[in-house]
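K.L.:
Would you mind keeping the following structure in view while I ask a few things?
Values quoted throughout were computed directly from the atomic coordinates according to the rules given, and no laboratory measurement underlies them. For clarity, every value in this text was computed on a predicted model and none was experimentally measured. Every residue, glycine as well, gets a Cβ built from its backbone with ideal geometry; the counts of neighbours run over all protein chains shown.
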Ligand SMILES: [Zn+2]
């Protein structure tokens, strides 16, 4: 049985359901239906403006933004989402120290909702280094659908790796 590396933190019944969708070759179409909206944030300058606008709306008083950029060396789960465990701590501290926001370049071509989700995630790290309760409260404050989007993003990354068949 294939390991769903993006979904290791999730309950096994959910993973079983996802395996079923993959076996039936339905995951890609399902995601394409649900997330049909692309975004126009193509380069680092546009990304900076996008992040700044969200920050102004929700976290005006937190530390000023440093650099904001797309990074094609970032592995989303290892560096951006963490794994629901202590590994994420390092990543949080690093971001806090530098106040720099790096977004994995896979998001350049991802649906608009997923870009927003990952930016919300990184903005929340400006205030909370760890993936704790306060951190996720900040995330859902900025994006009420945060948890569903993070789950669906993990499905999207899974599908990207499988590729079209
Ligand atoms: Zn994180």
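K.L.:
Exposure proxy check: 100, 23, 113, 128 ranked by fewest other beta carbons within 10 Å?
P.N.:
23, 100, 128, 113
K.L.:
Could you please state, rounded to a whole Å, how far the C-alpha centre of the range 115-136 is from the C-alpha centre of the range 16-49?
P.N.:
21
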